[in-house]
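Everything on this sheet refers to the single structure shown next.
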Amino acid sequence: MKNEENPPGPASEPELAPAPEPGGPRAQMTGRQRLVAGLWPPRVTRAQLTVAALLFVLGLGLAIQVRSTSDNSALRGARQEDLVRILAELDNRTERLEDEKQSLEAQRTELENSSDQAEEARKQTRQKEQQLGILAGTVAARGPGITLTIADGSGSVEADMLLDAIQELRAAGAEAIQVNGNRIVADTYFTGTGGDIDVDGNRIGAPYIFKVIGKPQDLEPALNIPGGVVQTLEKERATVTVTRSEKIVVDALRPVKRPDYARSSTR
């Protein structure tokens, strides 16, 4: 017999995989297993990644804010000597403010009870003028206080160290200060380097002698607190001496300057 051959025709289509039989393995899976199989491995889209990143950044920001607001005080990390210093300064300022309050109340009482209120007002005006003159450096002053002497044989004391001493004395209640014959006022400045320092443009040299009027019981401890002025200067091999006195004379004067622009607002 003659074998019959199939005529050539188009390429046959690929065979499809048979559908799972109703009794196959997937059909035998429980509902939980089918749920897990549908979720794992996860199919993550770009939108989901973007949302996740935004949620992470938001959570991080909230955590930082909660941590910062839960800090009860900025002084939590301060050293013990710094806390003691701050507490002492606050006590001193509170005491000075209370004294000033009592003084003002006494002046008001005198004005109210005085038979000649005009004369009493002139008296208080003169007293106030003297006080402002002392603060401005235009009037000599005397009273209890301390003498601070800084011997700097090595020339290592810098201008900013002397300025730190001034600031510490002011914070402790110093009312008049004189350094090597130069009156220290609100606009005083220190320039130069070790062994070559100027005060308001005037050259001064070691030893640096501070004459300070104020309450000695407040001024001396303020300089000797741990980590304070005295310890800082001694680290620079300077010799520091603080002497209390019941009579300190500050007689260096500053010239009276007329303001260029400021005028009194009273009429």
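The values are calculated or read from the model by the stated rules, or taken from the named source; none is laboratory data. Keep in mind it's a predicted model, so treat the numbers as computed, not measured. Cβ coordinates were reconstructed from backbone atoms using ideal geometry, including for glycine residues, and neighbour counts include every protein chain displayed. All accessible areas refer to the heavy atoms of the entire protein, side chains included, with ligands and DNA or RNA removed. Shrake-Rupley method; radii C 1.70, N 1.55, O 1.52, S 1.80 Å.
Against the condition assigned to a helix (DSSP H, G or I), at pLDDT 85 or above and not acidic (Asp, Glu), how does ILE146 come out, does it pass? Taking the combined requirement at face value, the residue does not satisfy it. What pairs come out if I take residues in the stretch 79-96 that are part of a helix (DSSP H, G or I) and pair them with residues that are modelled with pLDDT of 80 or more and exposed (fewer than 15 other Cβ atoms within 10 Å of the Cβ) whose C-beta lies under 6 Å away, six or more apart or interchain? Partner pairs satisfying both residue conditions: GLU81/PRO226; GLU81/GLY227. Of the residues making up the stretch 171-189, those that are closer than 18 Å to ALA222 by Cα and out of contact with any strand residue (DSSP E or B) (no Cβ under 8 Å at 6 or more places or on another chain) number 3. For the stretch 141-193, which positions are over 17 Å from PRO207 (Cβ atoms) and of a type in the set (Asp, Glu)? Of everything in the stretch 141-193, those that are over 17 Å from PRO207 (Cβ atoms) and of a type in the set (Asp, Glu) turn out to be ASP160, ASP164, GLU168, GLU175, ASP187.
Just to be sure, is GLN124 modelled with pLDDT under 90, open to solvent by less than 60 Å² (accessible area, probe 1.4 Å) and either out of contact with any strand residue (DSSP E or B) (no Cβ under 8 Å at 6 or more places or on another chain) or over 21 Å from VAL249 (Cα atoms) (or both)? Judged against the criteria, GLN124 is a match.
Can you tell me which residue within the stretch 192-220, out of those that are open to solvent by 60 Å² or more (accessible area, probe 1.4 Å) and of a type in the set (Val, Ile, Thr), is farthest from ASP160 (Cα to Cα)? Restricting to residues being open to solvent by 60 Å² or more (accessible area, probe 1.4 Å) and of a type in the set (Val, Ile, Thr), the top hit is ILE209.
Scanning the stretch 159-185 for residues that are without any contact (Cβ under 8 Å) to a residue 40 or more places away in the chain, open to solvent by 50 Å² or more (accessible area, probe 1.4 Å) and not polar (S, T, N, Q) yields ASP160, LEU163, ARG170.
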